[in-house]
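For reference, the structure is listed below as structure tokens.
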Amino acid sequence: MSLSISLSTSSVLESQRECVIVAAFEDGTLSPSAQLIDQASQGQLSSLLQSGRVSGKSGSSLLLPFLTGCKTPVLLVGAGKPGEITAAKFIKLAQDVSKEMNSRSFTSADSYLAEVAVKERSVAWAVRQLAEQSPSALYSYDATKSKKADAPKFSDLGIGVTAADVPAVTEAVKQGSGVAQGVALAKELANLPGNVCTPIYLAEQAIALGEANDLLTTEVLDEEQMRELGMHCLLSVGAGSDEPSKLIVMNYQGGEKDTKPYVFVGKGITFDTGGISLKPGAGMDEMKFDMGGAASVFGLMQTLCAMKLPINVVGVVASAENMPSGGATKPGDVVTTMSGQTVEILNTDAEGRLVLCDALTYISRFNPETVIDIATLTGACIIALGHHTSGLLANDDELADQLFSAGQSSYDRCWRLPLYDEYQEQLDSNFADIPNIGGRPAGTITAACFLSRFTKEYRWAHLDIAGTAWNSAGKAKGSTGRCVPLLAQYLFDRLA
Ligand code: BES
Ligand code: MN
Ligand code: ZN
């Protein structure tokens, strides 16, 4: 059972749920609902603050099971210094509180944390984040463990708002819980190991998604169909694998029949060994996450289906397994793309662009409004931007600006890198139209330059999520579900 989210306009003293959540601040003040509790309990919260028992520091919390004048237990959480509560701090707060509710075995709660003023953000933004982060924080992976985790007990969250705020925040609840469902699917698919999550498995998931949702139809192209279309570049990546490659097309028609679709193309390498240009062994297991772009396309489709958004969207996943074998593509091999351009494959580990380029040619048949591809494309992007920010490159300034701002508002941020013509000069081959690598300098940019040779007919942006799609170390190791929030926000903004 997942966490259901709704708005609650009842006063904190009249809550029908098992627990209420209110905030204290580091300057000794209380949130409006905390003040109501303080009055009803003859100043018990104030005296806790005065005694220092409650600090208001972010990360702190105190459960008060019995308070005079309160029907329910109260979780008093520290929100930090007023005026210094950033978006990041608020998101962390929302996640921590949800985990605490669950670990304390509450099944329901009313949270009045949307009263916390977040720097440069509206009440609707806070509601959206509570609705998104509270379920997301409860995600845990157990698909390939013999012991299944208990389903989260915490299953019903009310977000307390004033009646006057309801019109402004109703959409935010829908968006937050819709995005959370997409993020959950993206995480689950990406976390699955490479021997489970193969191109065939992804194709089956897409078919299942289509069967479960009236607005979505799925088509899967097999290798023979791709060969007929001339997708020899995509096919060259799976040539060394026993797993057949798939081109998965999910068509979501929530809008008018003849309005142009937004098209999303995900890199779906279900395992990237590097091929004959074999990767080093250390950490290679993480290359099961090399379908993170595909996972975010799946997540976005899930969000659209859950919200039944009135928009047309085509989600395409170019899926293959990159393996070395006697049949594998070799450095120096030349292949012909669906566009007719030939590619010299100088490094079989630069395979993402090889599957994407044919998918990007294929999708022109949809007469797209815009095209956005999402890929764990380059290690160089991690060097440039680290693990907090996705790379953004585009052939259209307006589209780039829209994605940048969708990243800012959803807090799934990206930063633009240039696609200046000069970089294209790094892509010259003596033996084909284009080599698949452009040398050490600006590896993220030259990868995008390669893709740009196939995207001339439409407005296009590329998101490099190599650094943001998963966490590498420790307990948090696993998929992040990025960039579902960013992509969903981009579409929400188009409908607004
Ligand atoms: N999937 C990798 C990129 C990657 C590496 C993502 C590490 C996340 C973490 C991609 O297919 C790849 O191997 N890229 C090469 C390109 C190079 C050969 C031009 C890279 O980044 O080293
Ligand atoms: Mn690679
Ligand atoms: Zn790869």
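Since every read-out is calculated from the coordinates, none of them should be taken as a lab result. Quick caveat, the model's predicted, so the values are computed rather than measured. Don't worry about glycine lacking a Cβ; one is built from the backbone with ideal geometry, like all the others, and counts go over all protein chains shown.
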Problem - Cα principal axis extents for segment 352-404, largest first, Å - result: 36, 27, 14
Practice task
Using θ = phi - 60° and the Karplus relation 6.51 cos²θ - 1.76 cosθ + 1.60, list the HN-Hα couplings for segment 322-334 in order, rounded to whole Hz, with x at every Gly or Pro.
Solution key: 9, 10, x, 5, x, x, 6, 5, 10, x, x, 4, 10
Problem - Most positive-pole-ward Cα, VAL179, PRO368, SER46, against dipole of the chain from beta carbon charges - result: SER46
Practice task
Step through the residues of segment 23-28 one at a time and calculate ³J(HN,Hα) from phi using the Karplus curve (6.51 cos²θ - 1.76 cosθ + 1.60, θ = phi - 60°), rounding each to whole Hz and writing x for Gly and Pro.
Solution key: 10, 10, 10, 5, 8, x
Handout entry: Bins of 10 Å, starting at 0 and running to the largest distance - Cα pair percent for segment 197-333
Key = 13, 39, 30, 14, 4
Completion exercise
Rh_Kirkwood(the chain) over Cα pairs, Å, one decimal, evaluates to 23.7
Exercise for the section: Report, to the nearest 10°, how far helix 87-103 tilts away from the longest principal axis of the Cα atoms in the chain, using its own Cα long axis and a range of 0 to 90°. Expected result: 70
Problem - Theoretical FRET efficiency, 1/(1+(r/R0)^6), r = Cβ-Cβ of TYR141 and LYS92, R0 22 Å, to 0.05 - result: 0.60
Practice task
Please give the helix 397-410 orientation as an angle from the longest Cα principal axis of the chain, in degrees from 0 to 90, rounded to the nearest 10.
Solution key: 30
Handout entry: Nearest 10 degrees, 0 to 90: helix 443-452 Cα axis against the chain principal axis
Key = 70
Handout entry: Highest-first arrangement of 211-218, 110-117, 272-279, where packing means the average Cβ count within 10 Å
Key = 110-117, 272-279, 211-218
Practice task
Could you work out the mean projected area of the convex hull around the alpha carbons of segment 279-353, in square nanometres to one decimal?
Solution key: 7.2
Exercise for the section: Report the extension gain between SER60 and ILE200 in nm, rounded to one decimal, defined as 0.36 nm multiplied by the number of residues separating them, less their alpha carbon distance. Expected result: 45.8 nm
Exercise for the section: In Å and from the alpha-carbon atoms only, list the Rg and Dmax of segment 4-161. Expected result: 15.3, 52
Completion exercise
Here the gain from full extension of MET284 to LYS257, 0.36 nm per residue of separation minus their alpha-carbon distance, amounts to 5.3 nm
Practice task
For LYS148 and SER6, calculate 0.36 nm times their separation in residues minus their Cα-Cα distance, and state this gained length in nm to one decimal.
Solution key: 48.3 nm
Practice task
For segment 105-119, just list the computed ³J(HN,Hα) in residue order, Karplus coefficients 6.51, -1.76 and 1.60, θ = phi - 60°, integers in Hz, with x standing in for Gly and Pro.
Solution key: 6, 6, 8, 8, 7, 10, 9, 9, 7, 5, 6, 6, 6, 9, 3
Handout entry: Estimated distance in nm for a label pair at LYS308 and SER47, the labels positioned 7 Å out from Cα along Cα-to-Cβ
Key = 5.3
